[in-house]
Amino acid sequence: TSDFNTALQAYINAAKNCSGKKMNTSVQNTLSATITAAENELQNNAINNYPKVSTPLRLAKEDALASIAAYESLQNAIDKAVTEYGNGSKNGADKLLAAINQAKAVNNDLNATIEEMKAEEENLENASFQYLLDNASGTAPVVITDTRFVKGSDLALGRLSYSGVSESQLLEVGFCWATHPEPTILDNRSTSYFDWNGRIYQMQGLQPATVYYARAYALTKN
């Protein structure tokens with residue numbers, strides 16, 4: 001009985017450690033209810049009922065941790081975007097500010113789902129990336145897409161070359177692709193590659209039986 005009590009108390013303590021953090025209201029309510037149920041059984045020393053309360057408590061804690069992580073991740077993205085926005089004097093600042101405010105609204109909504117927060121975080125990252133592109137400067141690298149490529153059902157491989165800038169000036173190099181003839185890095189992009197007589201870049205997550213247009217790109221730190 002003592003061992004069972006110790007184990008259940010550890011579950012309760014772990015769940016309570018999540019309680020004071022920012023999470024979805026429904027998730028918080030479920031967590032609180034499972035904590036109360038477990039504490040009642042513990043107080044009654046009803047070890048036969050422990051499995052009935054410990055499993056829901058564990059699952060509620062896992063949901064809470066996931067919700068907490070989603071809010072924290074979105075907040076980190078907001079903080080980063082605010083830093084990039086600066087004093088708002090650069091090109092496209094109004095669009096980035098709108099994306100920041102929209103992300104803040106979702107982050108302040110305690111009924112937001114994990115999926116909604118992830119989608120908003122992606123939107124904000126795209127807006128931040130567009131903001132960097134709108135304020136690009138300096139020498140643009142010359143990029144050549146190799147005509148050799150391989151495409152499977154859900155993956156494509158390609159090679160490229162670039163010139164005009166030094167290796168130290170580069171931010172990233174890779175391939176972008178889309179189902180329309182003019183793909184850009186705002187559609188899909190990948191910097192993943194493996195070495196085989198030079199770099200072979202990988203474009204993953206493609207749909208089978210679908211025509212894609214792809215081309216190489218390179219970005220400098222400016």
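In region 22-47, which residues are at pLDDT 95 or above, open to solvent by 70 Å² or more (accessible area, probe 1.4 Å) and part of a loop (DSSP other than H, G, I, E, B)? Answer for region 22-47, where residues must be at pLDDT 95 or above, open to solvent by 70 Å² or more (accessible area, probe 1.4 Å) and part of a loop (DSSP other than H, G, I, E, B): just K22. Inclusion of N13 among residues that are touching a residue at least 60 places away in the same chain (Cβ under 8 Å) and open to solvent by less than 80 Å² (accessible area, probe 1.4 Å) is not warranted.
Tell me which strands (runs of 3 or more DSSP E) are completely within region 144-220 and hold 3 or more residues being touching a strand residue (DSSP E or B) at 6+ places or on another chain (Cβ under 8 Å), or say none if there are none. Per the criteria, 155-163, 170-178, 188-190, 199-204, 213-220. Out of region 126-168, which residues are of a type in the set (A, V, I, L, M, F, W, C), closer than 23 Å to I200 by Cβ and surrounded by 12 or more Cβ atoms within 10 Å (Cβ to Cβ)? Result: V143, I144, F149, L155, A156, L157, L160, V165. Modelled with pLDDT under 95, among the aromatic types (F, W, Y) and either surrounded by 12 or more Cβ atoms within 10 Å (Cβ to Cβ) or over 18 Å from the mean Cα position of the chain (by Cα) (or both): is that true of Y50 in this structure? Judged against the criteria, Y50 is a match. Is region 60-73 home to any residue that is free of Cβ contacts under 8 Å to residues at least 40 places away in the same chain, open to solvent by 60 Å² or more (accessible area, probe 1.4 Å), among the charged types (D, E, K, R) and in a loop (DSSP other than H, G, I, E, B)? No, region 60-73 contains no residue that is free of Cβ contacts under 8 Å to residues at least 40 places away in the same chain, open to solvent by 60 Å² or more (accessible area, probe 1.4 Å), among the charged types (D, E, K, R) and in a loop (DSSP other than H, G, I, E, B). Scanning region 195-204 for residues that are open to solvent by less than 60 Å² (accessible area, probe 1.4 Å) and farther than 13 Å from D146 by Cα turns up Q202, M203. All told, N107 meets the bar of being in a helix (DSSP H, G or I), within 30 Å of Y131 (Cα to Cα), open to solvent by less than 20 Å² (accessible area, probe 1.4 Å) and without any contact (Cβ under 8 Å) to a residue 40 or more places away in the chain. Within region 174-194, the set of residues being open to solvent by 70 Å² or more (accessible area, probe 1.4 Å) and of a type in the set (D, E, K, R) comprises E182, R189. If the condition is being closer than 19 Å to E125 by Cβ and either touching a residue at least 60 places away in the same chain (Cβ under 8 Å) or open to solvent by less than 20 Å² (accessible area, probe 1.4 Å) (or both), then region 205-218 contributes only Y217.
In summary, A136 fulfils each of the numbered conditions (1) outside any strand (DSSP E or B); (2) among the small types (G, A, S); (3) under 27 Å from the mean Cα position of the chain (by Cα); (4) farther than 30 Å from D94 by Cα with the single exception of condition (4).
The values are calculated or read from the model by the stated rules, or taken from the named source; none is laboratory data. The model shown is predicted, which means the values in this text are computed figures rather than measured ones. Counting neighbours? That spans all protein chains shown, and the Cβs are built from the backbone with ideal geometry, glycine included. Accessible surface areas use protein heavy atoms only, side chains included; no ligands, DNA or RNA. Shrake-Rupley method; radii C 1.70, N 1.55, O 1.52, S 1.80 Å.
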